[in-house]
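Asker: Could you have a look at this structure, given as structure tokens, before my questions?
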Amino acid sequence: MKNREKPVLKLTIVFILAVFISAGILAYLSISNISNLKELTEKKVLEEEGIFAADLALNFHKVLEEVSDTFAKLTETDTVNVNRFTTLQKPVFINDWFIIDRKGNFLWPPFNEGLPLESGKYNSGKCRIQYNRAELLEFKTQKLNNAEKTYRSALKFAVSKHDSALCYNALARVSVKMENTDKAIDLYSTVISKYYSVTDKYNFPFVYYAIPQLIKISGNNNPESLLKKLEKCLAGMASGEILLNHSTGNILDQIGKWTERIPGGSDISLQSINELIQEIRIQLTFVNEYGSQIRKYTIVDELESILKLGDYYIIPGFVQNPEMVLFINHKHENLFGFTVPLDSLWEMTLNNIKWGDTEFEYRIELTENSNSNSTFNGLETITPLSMFFPSYVIQLKLKNESIIKKYVTRRSWIYGIALTLLIGGMIMGVNLILRDVNREKRMAARQSEFIANVTHELKTPLTSINMFAESIYLDKAKSEASRKKYSNIIIKESENLKRKIDNILEYSVKKNESSKYKLQDTDLSALLKLVLNEMEYWLEINKFNVSIEIEEDIKAFVDPEAIKQALSNLIGNAIKYSSVNKNLFVRLKKQLDKISIEIEDTGLGIPKNQISLIFEKFYRVRSKENETTSGTGLGLTVAGDIIKAHNGELKVTSELNKGSKFTIVLNS
């Protein structure tokens, strides 16, 4: 072994000398360059800033293209379909998006200015005649009972959702006047559940009549029911099924105040309602703040002086807000577009920059041209942001002005530190090599021991088989009982030999990564009893006291032969390493969705410092008590691999001289 270590030592010395020589050359070069390093560094800073600033401007333009392309792909159609548009997932960089027709009406967010619908949209036949009569009875003569009957008569003649919603709303209104609260609640609930997206002739949603009345007359009674109705209405407003208008904000205020004073209610529903209110308010704010300006751009002449990127006009400083950018597409029948905060575009630009490409750290600022100032001794760069944003510039400067001085000083230390790291790395590398060599030596020793043990393990049962088979063949067993006894020994020794061979084959197949288990629905109760029956001979001749606690009809989806092999290995281990106290406890039980099989003995036990090693291949616990005990060192390795392959767990607890307990945990 010494002859094999000497070349390694020589190579290590050569490696160390090579490292020292390289470090010396690097140190010499660093000292010779320190004198003019400051000037070179300043030049390098300016070059880096120029390249970096140009890269930022280019990336900003790419971000503009990426943003417009992303939105274009979401809406690529000759005529943007509002229903399809409302189901799209809004990209995170977009603040608001919209569709507006050429007349200036918002299709999304769906906002109505209160303009009446086209005539002829609603039925005006018998339903309308009866409805007009009912209105006279309600408002002029105030004969509420007659008005209610006439409204119900009108409802019978209703042929459209509008007519039905109109009648239900009127009936609910009359019920409120008649102080019939329960009936009013039912009628307004019908309006919300069946006609919540229907509008009157002024395009005013009927639910806007129903919601305030329901809140008023319901009070705090049955808040859960009203919460669900309100949640449905708010979801309709947020999705565009219910039109928004100038009254929507007031409706939201009433809902918000009601939710604050109700005594109870589902936290989930309240949270959902608050989120929907917030979402709708965002849509209302967008229309109220930006609506008039966006409508102005429906006129082509208003866009003549605005720069265009692809199909999108880009308007910075939208509505006197320098931080908001409007993208608007004028190509289709309806105009559509979106707003993006300039900060979001700038953040996307910065995220696309590879910060590791620069040697120094820079402070990057996006400022208006009039606000940029130069105070950094000429070591800064100012570059226009984009032709779309002529009033903005990119300003780059070093984060720390004294960094150059520190940089020069630091350079003088770099090579010394590098040398130290190289030596440390070399020493660590040698240690790792030596550790690997020692590991291979230990593994080779284990394999040698394994071969010797396998020879012994296979030879012992073969000797017994040969001896008793020869006795039967030579007719030395005179009685039938003796022949049965010898035959039984031959069978048991054959089974013992098969188990040992199976362990070796299982390890070999696992090593070649071709192990495949045939899983099937298996009765573990019956399987465990079968294993105990096969091991009964060895338990008897070793004089073991066996305690069995097996729950019946416990089944699992496993490979029965593989599990049987694992159980045999564990029981065989218990027999092998119990020399004085020979007790074996076998338990099978099920708790919830887990099945546990416990094999516990009162034998030699395992030292604490060796418990973590017992599942390693060829490893065998060393102690005075088991010096003469033979084994391959594969039993627990194979058992552990089998259980792991079944997505199970093999646990072990042990105390020296008191015994060990192995627990198999499987999914039911």
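The values are calculated or read from the model by the stated rules, or taken from the named source; none is laboratory data. Since we're looking at a predicted model, the values are computed, not measured. We place every Cβ from the backbone using ideal geometry, glycine too, and count neighbours over all the protein chains shown.
Asker: Among the residues of region 540-558, write down those that are surrounded by 12 or more Cβ atoms within 10 Å (Cβ to Cβ), more than 16 Å from Arg587 (Cβ to Cβ) and of a type outside the set (Lys, Arg). Show your work before the answer.
Answerer: First pass over region 540-558, keeping only residues surrounded by 12 or more Cβ atoms within 10 Å (Cβ to Cβ): 542, 544, 546, 548, 550-551, 554-558.
Narrowing further to those that are more than 16 Å from Arg587 (Cβ to Cβ): 542, 555, 557-558.
Answer for region 540-558, where residues must be surrounded by 12 or more Cβ atoms within 10 Å (Cβ to Cβ), more than 16 Å from Arg587 (Cβ to Cβ) and of a type outside the set (Lys, Arg): Asn542, Phe557, Val558.
Asker: Can you tell me which residue is surrounded by the most Cβ atoms within 10 Å (Cβ to Cβ) among those in region 559-590 that are of a type in the set (Ser, Thr, Tyr) and more than 12 Å from Val546 (Cβ to Cβ)?
Answerer: Step one: of region 559-590, the residues of a type in the set (Ser, Thr, Tyr) are 568, 577-579.
Among the residues that remain, those that are also more than 12 Å from Val546 (Cβ to Cβ) are: 568, 577, 579.
Values: Ser568: 23, Tyr577: 21, Ser579: 13.
For region 559-590, the residue satisfying everything is Ser568.
Asker: Follow-up question, since we're still on this one. Could you please find all residues in region 165-198 being among the charged types (D, E, K, R) and in a helix (DSSP H, G or I)?
Answerer: Those that are among the charged types (D, E, K, R) and in a helix (DSSP H, G or I): Arg173, Lys177, Asp182, Lys183, Asp186, Lys194.
Asker: Here is a list: Lys229, Lys201. Which entry is among the basic types (Lys, Arg) and buried (at least 18 other Cβ atoms within 10 Å of the Cβ)? Before the answer, list the steps.
Answerer: Values: Lys201 fails: buried (at least 18 other Cβ atoms within 10 Å of the Cβ).
Only one candidate passes the filter, namely Lys229.
Asker: How many residues are closer than 16 Å to Ala158 by Cβ and within 44 Å of the chain's Cα centre (by Cα) when one looks only at region 171-217? Please lay out each step first, then the result.
Answerer: Our first condition is that a residue be closer than 16 Å to Ala158 by Cβ; within region 171-217, this holds for 171-172, 187, 190-191, 194-195, 198-201, 206.
Imposing the further condition that a residue be within 44 Å of the chain's Cα centre (by Cα) reduces the set to 190-191, 194-195, 198-199, 206.
Of the residues in region 171-217, 7 are closer than 16 Å to Ala158 by Cβ and within 44 Å of the chain's Cα centre (by Cα).
Asker: Test Asp593 against the stated conditions and say whether it is free of Cβ contacts under 8 Å to residues at least 40 places away in the same chain and surrounded by fewer than 17 Cβ atoms within 10 Å (Cβ to Cβ). Reasoning before the result, please.
Answerer: On the way: free of Cβ contacts under 8 Å to residues at least 40 places away in the same chain: no; surrounded by fewer than 17 Cβ atoms within 10 Å (Cβ to Cβ): yes.
When the stated conditions are applied, Asp593 does not pass them.
Asker: If you don't mind, there's one more thing I want to ask. Only one of Tyr168, Tyr151, Tyr188 is assigned by TED's automatic domain parsing to the domain that holds Lys229, closer than 19 Å to Tyr202 by Cβ, aromatic (Phe, Trp, Tyr) and surrounded by 20 or more Cβ atoms within 10 Å (Cβ to Cβ); which? Explain how you work it out, then say what you get.
Answerer: Numbers: Tyr151 fails: closer than 19 Å to Tyr202 by Cβ; Tyr188 fails: closer than 19 Å to Tyr202 by Cβ.
Only one candidate passes the filter, namely Tyr168.
Asker: Moving on. Among the candidates Leu11, Leu88, single out the residue that is surrounded by fewer than 17 Cβ atoms within 10 Å (Cβ to Cβ), within 30 Å of Thr285 (Cβ to Cβ) and at pLDDT below 75. Lay out the reasoning, then the answer.
Answerer: Values: Leu11 fails: within 30 Å of Thr285 (Cβ to Cβ).
One residue alone meets the criteria, Leu88.
Asker: Okay, next question. Given the residues Gln213, Gln278, Gln271, which is the only one that is part of a helix (DSSP H, G or I), assigned by TED's automatic domain parsing to the domain that holds Glu179 and closer than 28 Å to Met178 by Cβ? Break it down stepwise before answering.
Answerer: Numbers: Gln278 fails: closer than 28 Å to Met178 by Cβ; Gln271 fails: closer than 28 Å to Met178 by Cβ.
Just a single option satisfies the conditions, and that option is Gln213.
Asker: Consider region 298-312. How many of its residues are within 17 Å of Asp101 (Cα to Cα) and in contact with a helix residue (DSSP H, G or I) (Cβ under 6 Å, 6 or more places away or on another chain)?
Answerer: So the answer is 2.
Asker: Hey, does region 290-305 have a residue that's modelled with pLDDT of 85 or more and among the aromatic types (Phe, Trp, Tyr)? Give the derivation first.
Answerer: Applying the first criterion (modelled with pLDDT of 85 or more) to region 290-305 yields none.
Within region 290-305, not a single residue is modelled with pLDDT of 85 or more and among the aromatic types (Phe, Trp, Tyr).
Asker: Name the residue, out of Leu252, Leu284, Leu270, that is in contact (Cβ under 8 Å) with a residue 40 or more places away in the chain, under 36 Å from the mean Cα position of the chain (by Cα) and more than 24 Å from Arg102 (Cβ to Cβ).
Answerer: On the way: Leu252 fails: in contact (Cβ under 8 Å) with a residue 40 or more places away in the chain; Leu284 fails: more than 24 Å from Arg102 (Cβ to Cβ).
Residue meeting the stated conditions: Leu270.
Asker: Go through (1) at pLDDT below 85; (2) under 29 Å from Met237 (Cβ atoms); (3) surrounded by fewer than 16 Cβ atoms within 10 Å (Cβ to Cβ) one by one and return the number of the condition Glu135 breaks.
Answerer: Here Glu135 meets the rest and fails (1).
Asker: Looking at (1) out of contact with any strand residue (DSSP E or B) (no Cβ under 7 Å at 6 or more places or on another chain); (2) modelled with pLDDT under 80, can you tell me which one Leu379 breaks?
Answerer: The failed condition is (1).
Asker: Those residues that are at positive phi and either buried (at least 17 other Cβ atoms within 10 Å of the Cβ) or under 33 Å from the mean Cα position of the chain (by Cα) (or both), I need them from region 649-668; list them, please.
Answerer: Answer for region 649-668, where residues must be at positive phi and either buried (at least 17 other Cβ atoms within 10 Å of the Cβ) or under 33 Å from the mean Cα position of the chain (by Cα) (or both): just Gly659.
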